[in-house]
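Heads up: the structure comes next, in structure tokens.
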Amino acid sequence: VTIPLANLGDPTRSDNCPGEGWQRSGVPAGNVYPVGNTILTYTVTDASGNTATCQQTVTVNPACQITCPTVAPVDNDEGDCGAIVTYSDATTTGNCGTLTYSHPSGSFFPVRTTMVTISSASTGQSCQFSVTVNDTEDPEIATCPSNQIVNTANNLCTASVSFAATASDNCPTGFTVKYYIGATEIFTGHNFPIGKS
């Protein structure tokens with residue numbers, strides 16, 4: 001960090017005989033101060049060669065750096081389309097001040113990948129990490145279509161049959177009920193041939 005000499009201030013001084021002068025020592029080359037403490041020494045000398053000294057400490061803090069935690073993917077909580085996820089705090093170097101979390105640890109995260117942002121309001125620094133919740137819970141079939149006996153119409157060898165099953169899932173949006181004969185998907189109103197299917 002470059003600090004102009006004028007910003008460091010001058011020592012206040014007095015002497016029984018006017019005409020004292022002063023000098024500053026310990027200033028880094030180019031007025032560029034490293035991270036940490038730098039001690040400057042001020043020496044006041046009067047016309048008779050008498051001296052007095054005082055010291056000033058210049059402290060340079062490292063720039064704020066925020067390191068986000070890493071969170072492994074988790075399974076959904078039973079019966080929920082998501083999970084409560086906890087994670088460790090971010091680590092910091094430098095003076096970052098108070099950190100804010102877009103999704104605090106212990107929040108409910110839905111099934112999907114959610115980006116979490118951790119930021120410092122005082123420095124503007126931030127980092128991001130992802131929280132992934134996987135849906136590993138099977139749906140449940142509430143009712144299966146009942147067995148049906150249907151007569152064909154005259155001169156036909158097939159009959160259209162309507163049917164419906166009901167089901168539920170921990171993630172109610174996006175799941176579907178499908179019907180198959182073997183590996184072939186069919187739909188309600190399918191034409192069945194004479195016999196059993």
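Data table
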read-out: Within the accessible area of the range 79-197 (1.4 Å probe), percent carbon and sulfur; value: 51
read-out: Accessible area in the full protein assembly, largest first, 1.4 Å probe, for Val116, Val74, Val35; value: Val35, Val74, Val116
read-out: Heavy-atom surface of the chain, accessible at 1.4 Å and reported per residue (Å²); value: 67
read-out: Alpha-carbon Debye profile of the range 1-109, log10 I(q)/I(0) at 0.16, 0.18, 0.19, 0.24 Å⁻¹; value: -0.85, -0.95, -1.00, -1.25
read-out: GNM top mover of Phe175, Phe108, Phe129 - the chain, alpha-carbon springs below 10 Å; value: Phe175
read-out: Net charge dipole size for the chain [Lys, Arg +1 and Asp, Glu -1 on Cβ; Debye, nearest 20]; value: 420
read-out: Of Gly97, Gly106, Gly21, the one that fluctuates the most in a GNM where the chain has Cα springs shorter than 10 Å; value: Gly21
read-out: With every protein chain in place, the range 1-50: carbon and sulfur % of accessible area (1.4 Å); value: 51
read-out: Length-normalised contact order for the range 137-197 - Cα pairs under 8 Å, 6+ apart - percent; value: 38
read-out: Fraction of the pair-distance distribution of the chain above 28 Å, Cα-Cα pairs, percent; value: 65
read-out: Length-normalised contact order of the chain in % [C-alpha pairs under 8 Å, at least 6 apart]; value: 14
read-out: Most mobile of Tyr42, Tyr33, Tyr180 in a GNM of the chain (Cα contacts under 10 Å); value: Tyr180
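The values are calculated or read from the model by the stated rules, or taken from the named source; none is laboratory data. Predicted, not measured: the structure shown is a model, and the values here were computed from it. Heads up, the Cβs are rebuilt from the backbone with ideal geometry, glycines too, and the neighbour counts pull from every protein chain shown. When the accessible area is computed, the model is the full protein with side chains, heavy atoms only, and any ligands, DNA or RNA have been set aside. Shrake-Rupley method; radii C 1.70, N 1.55, O 1.52, S 1.80 Å.
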